[in-house]
1. What is the set of long-range amide H partners of Tyr55 at a cut-off below 5 Å, with H atoms built 1.01 Å from backbone N?
2. Positive end of the dipole of the chain, charges at C-beta (+1 Lys, Arg; -1 Asp, Glu), about the Cα centre: which of Ser78, Val54, Val91 has its Cα farthest in that direction?
3. By a straight-distance test (C-alpha under 14 Å), which aspartates and glutamates pair with Lys49 as possible cross-link partners, with residues fewer than eight away in the same chain excluded?
4. Shape verdict for the range 11-76, please, from the Cα gyration tensor: rounded (a/c under 1.5), prolate (a/b greater than b/c) or oblate.
5. What is the magnitude of the charge dipole of the chain about its Cα centre, with +1 placed on the Cβ of each Lys and Arg, -1 on the Cβ of each Asp and Glu, and no other charges, expressed in debye to the nearest 20?
6. Express in whole angstrom the spacing between the alpha-carbon centres of the range 52-92 and the range 20-43.
7. Quick check: residue separation of Gln88 and Glu16 times 0.36 nm, minus the Cα distance between them. What number comes out in nm?
8. Can you compute the modelled spin-label distance between His9 and Ser59, with each label point 7 Å from Cα toward Cβ, in nm?
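Here, each number is a calculation from the coordinates, and none is a lab measurement. Everything numeric here is computed off the predicted structure, so don't read it as measured data. When we count neighbours, we look across all protein chains shown, and the Cβ atoms used for this are built from the backbone with ideal geometry, even at glycine.
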Amino acid sequence: MGIILEAEHLTYGYDEKRHAIEDLSIAFEEGKTTAILGANGAGKSTFIKILGGVYTKSSGELTWNGVPFPAEFGPVQSRELGINIIFQDHVL
């Protein structure tokens with residue numbers, strides 16, 4: 001079984017001084033359950049919103065089944081890859 005989702009050196013910042021995610025690297029393997037845990041403000045929801053195409057990463061690489069995410073990545077592209085998210089915030 002291989003890696004289906006990988007993030008390398010992922011960063012998301014609101015501005016130059018405030019980063020929700022800074023240098024995140026994580027891999028998700030097919031057939032394994034992986035949990036993302038952390039305190040409030042650790043960047044968990046921000047990471048999910050990047051995967052869902054709600055936010056655009058500031059830097060880093062994301063791959064799905066070894067293929068880099070498209071440069072123009074939004075909710076439609078996320079769904080086309082098969083990423084399905086049930087957001088906590090019903091407005092999204």
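1. Result for Tyr55 returns Ile50.
2. Val91
3. Once the sequence-local aspartates and glutamates are set aside, what remains near Lys49 is Asp89.
4. On the way: a/c = 1.82, a/b = 1.16, b/c = 1.56.
The shape class here is oblate.
5. Working: 7 positive and 12 negative charges, 59 e Å.
In debye, rounded to 20, the chain gives about 280.
6. 15 Å
7. Details: separation 72, 0.36 × 72 = 25.92 nm, distance 2.72 nm.
Full extension from Gln88 to Glu16 adds 23.2 nm.
8. Reported label-point gap for His9 and Ser59 is 0.7 nm.
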